[in-house]
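K.L.:
Could you have a look at this structure, given as structure tokens, before my questions?
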């Protein structure tokens, strides 16, 4: 396996021109969906349109609002504590209140913003659908529903239409974090040993990932077990690595807010013929999924290409549900590669290809790579996993 030379990280942050281009695209899509404005509360959506990022997003105490009129720049309606930071972005219209205020946590300010909106369709799009959430009390949102002259509609389709196709700058960010983590996965067998705990392995890998340029590691399951693992979503434990274990590691590490999301499998000491067979099968299924992810295909086509490889082995079943997803400012984004999903794959989508299966009762294995869809077909962002299962002695 060839590992790319270390990449220089892209410059953090984005130009005003980048945000202007995102806004123009949003205005066009909003017009198509007949929306006078978008009403946004999710941190990822706010960050996408403004560049604003605060660790206060981790606190549930204060809501943060962004309104995007169909004919104007974004309007930020935020707690006073965030004003100085928001002024560092390209947003000019910033309205604040002293928060927390249980009696009026920004709702009066929102009323005034919506009152002044230019009306064309008499509708405002909100985060009401799948993989969306309102980051505000339902009681307060209900006040908007009751008193505003505009109708609130589900803007999920419009928002994901805006965000799913990545800009060149976004792609550069994702490519960097994918390459950095790929290098760390590759070197992991050289720095861990039989008898170390899952937690020790996790700590070593995290240090290398941070040293390679990542900003944070919000997601890192580290799981091991004899002849396979029973689940793939927990953090590391104090279990020691033993001969015959399969070690599974997955990570969503970030650079400037943008995620990678891919895993690697390692055998400790040795691997059974069955584990090797499953690893080989999933490697081939991943290859089939990568090759199927072309502009004009659907995510259902990707699912079928992967699943055909898996189901050709009669004793092995796929029970994961979906076999990959979108990737960007969030660890998982639409679309999902699922059965009969008709979502069209478009140029400049960033996708994960993620076949997984249960090959013995309670024993799982998953492979995952990250790709960019180009006009010429799929392009790997991660460095491909070894074709043969790596052994750690």
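The values are calculated or read from the model by the stated rules, or taken from the named source; none is laboratory data. From a predicted model like this one, the values you see are computed outputs, not experimental measurements. Positions of Cβ are backbone-derived with ideal geometry, glycine not excepted, and every protein chain shown enters the neighbour counts.
K.L.:
Looking for whichever is surrounded by fewer than 23 Cβ atoms within 10 Å (Cβ to Cβ), closer than 22 Å to residue 189 by Cβ and under 18 Å from the mean Cα position of the chain (by Cα) here; the options are 250, 280. Which one fits?
P.N.:
Testing whether each residue is surrounded by fewer than 23 Cβ atoms within 10 Å (Cβ to Cβ), closer than 22 Å to residue 189 by Cβ and under 18 Å from the mean Cα position of the chain (by Cα) leaves just 250.
K.L.:
Still on this model: Among the listed residues 271, 285, 305, identify the single one that is part of a loop (DSSP other than H, G, I, E, B), in the same structural domain as residue 355 (by TED's automatic domain parsing), crowded, with 20+ Cβ neighbours inside 10 Å and in contact (Cβ under 8 Å) with a residue 12 or more places away in the chain.
P.N.:
Only one candidate passes the filter, namely 271.
K.L.:
If only one of 149, 143, 168, 120 is over 27 Å from the mean Cα position of the chain (by Cα) and exposed (fewer than 12 other Cβ atoms within 10 Å of the Cβ), which one is it?
P.N.:
None of the others qualify; the one that does is 149.
K.L.:
Quick one: is residue 210 in a helix (DSSP H, G or I) and crowded, with 22+ Cβ neighbours inside 10 Å?
P.N.:
So residue 210 fails the test.
K.L.:
From 374, 299, 352, 383, grab the single residue that is in contact with a helix residue (DSSP H, G or I) (Cβ under 8 Å, 6 or more places away or on another chain) and assigned by TED's automatic domain parsing to the domain that holds residue 183.
P.N.:
383
K.L.:
Filter segment 339-370 down to the residues that are modelled with pLDDT of 95 or more, over 18 Å from residue 267 (Cα atoms) and surrounded by fewer than 23 Cβ atoms within 10 Å (Cβ to Cβ) and list them by number.
P.N.:
342, 343, 344, 345, 346, 347, 348, listed by residue number.
K.L.:
Right, next: Go over the candidates 335, 295 one by one and state the one that is within 23 Å of the chain's Cα centre (by Cα), within 23 Å of residue 172 (Cα to Cα), buried (at least 20 other Cβ atoms within 10 Å of the Cβ) and modelled with pLDDT of 95 or more.
P.N.:
Of the residues listed, the single one that is within 23 Å of the chain's Cα centre (by Cα), within 23 Å of residue 172 (Cα to Cα), buried (at least 20 other Cβ atoms within 10 Å of the Cβ) and modelled with pLDDT of 95 or more is 335.
K.L.:
Of all residues in segment 66-82, count the ones that are touching a helix residue (DSSP H, G or I) at 6+ places or on another chain (Cβ under 6 Å) and more than 12 Å from residue 93 (Cα to Cα).
P.N.:
Of the residues in segment 66-82, 1 are touching a helix residue (DSSP H, G or I) at 6+ places or on another chain (Cβ under 6 Å) and more than 12 Å from residue 93 (Cα to Cα).
K.L.:
For segment 80-107, name all the residues that are out of contact with any strand residue (DSSP E or B) (no Cβ under 8 Å at 6 or more places or on another chain), in a helix (DSSP H, G or I) and surrounded by fewer than 18 Cβ atoms within 10 Å (Cβ to Cβ).
P.N.:
81, 84, 85
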